[in-house]
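Below is one structure, written out as structure tokens; comments come after it.
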Amino acid sequence: MSVNVYRGGGGFGALPIDALVTALESARLPFVPSFPQERIELVGRFAAHLQRDRRWRGVAPVQALAFWLRKAAVTRMADAFRARSHPQAFTTGRGLAFHLPPQNVDTLFLYSWAIAFLCGNANFVRLPEQASPTILELLDPLIALLDEVGSGDIFLTYPRADSAVNARLSGVADCRLVWGGDAKAALFNELPVRVGGKSLMFADRYSHAVVSAKAIARLDRAGTDQLAKSLHDDIRLFDQQACSSPHTIHVLDAGEVGLAAVHRLLEKVDILAREAPSTDPAHGMVKFTATCALAVDDSLVVARRLSNETTVVELARSEDRGVAIGGGFLSLRVAGSVAEVAETLTGRDQTLTHFGLDALSLERLSALAASRGVARLVPIGSALKFDQLWDGYDLVAELTRVVRVASFPAGGTAS
Amino acid sequence: MSFDTLVARPAFGVSQAVRERLMLPELRQLTRHHQAMCPPYARILERVWPGSGSFQSVEELPFLPVGLFKQADLRSSDESGLVLRSSGTTGQVRSSIFVDPENAQRQSRALVATMKAVLGEMRMPLLLIDTRTVISDPGQMTARGAGVLGMMKFGARPTFALDAALDPDLALIRQFVEANAGRPIMLFGFTFLVWTKLYESFRDGALDLSNAILIHSGGWKQLENRKVPNGVFREALRRRFGLNRIHNFYGMVEQIGSVFLEASDGYLYAPNFTDVIIRDPVSWEPLPPGRTGLIELVSLLPKSYPGHAILTEDLGEIVSIDSGTNGWLGKAMLIHGRLPKAELRGCSDVVAAA
């Protein structure tokens, strides 16, 4: 039984599982406080390298990653973390963090790794077996930096269905981060982590946008263009397949001004998509088939194929909540109030992006959404922006261990 | 009725302009029929194709995506009938097509008219490169079974060349050929079976099929990796068996009965009561001859289900219009295979634990 460890420069080397586990156990031992300066520096240098490297110019996901990891941002995260610290306690990593990033979002594993690394964990990351050139090219400078400081973090791969390896590696993990949907989560739910360890599951999720038609109608041309760009970024960066990309757009205040302004906005979104077409003809057929199937089910009142990139359907009934087709398929749902938005939400829903809601509406929506299991409301344009608060978890809190060090006996006893 | 007019003529004998003129009123009528009889179809027309009811040309006729027949049971008939299913590989969702007796009769008339163009009036002894078991369960009829059953009508004394395990009965094949030496015979089979079970079972010159007409269809299915180009296929069969008269046909269960038949030039011709439109894969605008795009199939046959205009997921091109090869008119087409499958990025792994 062995795994393939990434050595940099596109090359992998086989490592027997026993040797891997030995290496991981020894990397786990040294004490590392959370947010140590040298780890902040290392992450900052990695980000600076990505920002400088010409090959990533204009590659939006990598630019977003580099921006998120830059030294100033990481330092702010560290400061905020310290500001929340408990008296008579210190924080360290939980130990060994096992990362199982999704197959198709090339940059996510680095967010997952970076947070755990900053928190003070030793890490091992399972890369997809067919790791994209992007993944390997992103890793090369990072591996060089990690080697420089003698880090034991390991990026490796092995057949995804190898349950013996999955079980063995889960058994040494103090925390395991499983990204990639329900089937994968179910597979790992069977496999215990180290005693006292924890497993964070990021399951399949669906996301929505909530907009005020009245507020969109009031926008001037520049404002409309800006909003179209933001919505385009939310939808298009990962072909609308990221869990936080909206599929359904709930339209408030449509009674007063109608849907025309929303349709005009979506036409602009489509124009932006057509500037860099990413929908292949086969997916165009998938969207057309889905459109017709919705009409068969009497679930839509009208469908517009703006181009091969974008299809917009207006849902027929309030119980129709839209479908996750992806690749530029948007369902419009008219809602009379934020309560009518919230009534469609379930724990399967992840992000609500919003535009044009007043403070009171947003507050009401967030309370109703939270009661139904939704844990993220952010402005349109921020859907894909990674955040240490994710799926209702504070990842920094989840990936740290708080150690009580009391010098004096506290009042009371807890026997 | 233009269907009756068109089906009565030699199947490839009507020029493109004339058939469009004859088909258009009947396509309008068919569209109205489906609208009245199939409420889901009416909703698609009204909500997905608003304003398209008054189409002025075959190209403007609203079409359905072929994949819809996998997701919805669409029928435009209150009669009882049978449901045909596409062959589909394991795990795939299969199309289901509802065929009532009237529709079955239209299909049958259309197929007779089409096949007459190569088989003539006489029924020849028929050797089927398939197994009898493919037609043994009428309740579970596959497209292959329906194809075999449909073709059996055109031959006499059908003989099945393969056993239940799809192994060829070589002695039976030789016996069939020897018994019919010197008179015309008909062979029918799916392309990959003809190649792997007939062609590969004999050496060059070991079997004389110079008196045979081969009709084949269905492509290569699970044997895509062993696929040979049509030109190679034709030449190999000619060399091995002296088999010169070979006619591939293209059709699909979603428009069963409408078959595009290969002429001696190797191209597939649309029979009179059908049309084919090649569309740009992105814009879906009609493309001129010589350009490759998505194949849209138009047919006057589908009456018990709204399948008279279907956008397929196959790629092809129009090679010529009214070429006159073998005296055949209408559009001649080349198929370029399936549209490559879509792959989306995303954070939900398609397969467990990727």
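How many of the residues in the range B:279-304 are within 14 Å of chain A (Cβ to nearest Cβ), in contact with a Lys or Arg (Cβ under 7 Å, 6 or more places away or on another chain) and within 25 Å of B:Ile215 (Cβ to Cβ)?
1
Show me the helices (runs of 4 or more DSSP H) entirely contained within the range A:236-336 in which 3 or more residues are aliphatic (A, V, I, L, M) and under 27 Å from the mean Cα position of the chain (by Cα).
Per the criteria, A:260-275, A:281-296.
Output the residues belonging to the range A:366-387 that are more than 22 Å from the chain's Cα centre (by Cα) and either within 24 Å of A:Gln240 (Cβ to Cβ) or not assigned by TED's automatic domain parsing to the domain that holds A:His232 (or both).
Once the filter is applied, which keeps residues that are more than 22 Å from the chain's Cα centre (by Cα) and either within 24 Å of A:Gln240 (Cβ to Cβ) or not assigned by TED's automatic domain parsing to the domain that holds A:His232 (or both), the range A:366-387 yields nothing.
Say whether the condition of being more than 14 Å from chain B (Cβ to nearest Cβ) and either buried (at least 19 other Cβ atoms within 10 Å of the Cβ) or more than 17 Å from A:Val396 (Cβ to Cβ) (or both) is met by at least one residue in the range A:97-106.
Yes, because at least one residue in the range A:97-106 is more than 14 Å from chain B (Cβ to nearest Cβ) and either buried (at least 19 other Cβ atoms within 10 Å of the Cβ) or more than 17 Å from A:Val396 (Cβ to Cβ) (or both).
Quick test for you: out of A:Thr157, A:Thr92, pick the one residue that is under 17 Å from A:Gln37 (Cα atoms), touching a residue at least 12 places away in the same chain (Cβ under 8 Å) and surrounded by fewer than 19 Cβ atoms within 10 Å (Cβ to Cβ).
A:Thr92
Checking the condition assigned to a loop (DSSP other than H, G, I, E, B) and more than 19 Å from A:Leu345 (Cβ to Cβ), which residue from A:Gly196, A:Gly223 passes?
After ruling out the rest, the residue left standing is A:Gly196.
Looking at the structure I just gave you, is B:Leu45 within 14 Å of another protein chain (Cβ to nearest Cβ) and either in contact with a Phe, Trp or Tyr (Cβ under 6 Å, 6 or more places away or on another chain) or assigned to a loop (DSSP other than H, G, I, E, B) (or both)?
no
Mind checking which residues of the range A:384-396 are in contact with a helix residue (DSSP H, G or I) (Cβ under 9 Å, 6 or more places away or on another chain) and within 13 Å of A:Cys119 (Cβ to Cβ)?
Passing the criteria: A:Gln388, A:Leu395, A:Val396.
Anything in the range A:310-332 that is within 11 Å of another protein chain (Cβ to nearest Cβ) and on the phi > 0 side of the Ramachandran plot? List them, or say none.
Hits for the range A:310-332 are A:Gly326, A:Gly327, A:Gly328.
Taking the stated definitions as given, is A:Asp253 within 14 Å of another protein chain (Cβ to nearest Cβ) and either crowded, with 17+ Cβ neighbours inside 10 Å or among the polar types (S, T, N, Q) (or both)?
Criteria not met by A:Asp253.
Hey, among the residues in the range B:202-235 that are surrounded by 16 or more Cβ atoms within 10 Å (Cβ to Cβ) and of a type in the set (Gly, Ala, Ser), which one's farthest from B:Met152 (Cα to Cα)?
That would be B:Gly219.
Within the range A:85-142, restricting attention to residues that are in contact with a Pro (Cβ under 8 Å, 6 or more places away or on another chain) and β-branched (Val, Ile, Thr), which residue is modelled with the lowest pLDDT?
A:Val105
Could you list, in sequence order, the residues of the range A:158-186 that are within 20 Å of the chain's Cα centre (by Cα) and within 14 Å of chain B (Cβ to nearest Cβ)?
A:Arg176, A:Leu177, A:Val178, A:Trp179, A:Gly180, A:Gly181, A:Asp182, A:Ala183, A:Lys184, A:Ala185, A:Ala186
For the range A:247-266, give me the residue count where each residue is farther than 24 Å from A:Leu345 by Cβ and among the β-branched types (Val, Ile, Thr).
Number satisfying all stated conditions: 1.
Please name all residue pairs, on different chains or six or more residues apart, with Cβ atoms under 6 Å, provided the first residue is in the range B:211-226 and is in the same structural domain as B:Met152 (by TED's automatic domain parsing) and the second residue is part of a helix (DSSP H, G or I).
Taking only residues 6 or more apart or on different chains, the pairs are B:His216/B:Thr191; B:His216/B:Val194; B:Gly218/B:Thr191; B:Gly219/B:Thr191; B:Trp220/B:Phe192; B:Lys221/B:Phe192; B:Leu223/B:Phe192.
The values are calculated or read from the model by the stated rules, or taken from the named source; none is laboratory data. Keep in mind it's a predicted model, so treat the numbers as computed, not measured. A quick note on method: Cβ atoms are made from the backbone with ideal geometry, for glycine too, and the neighbour counts reach across all protein chains shown.
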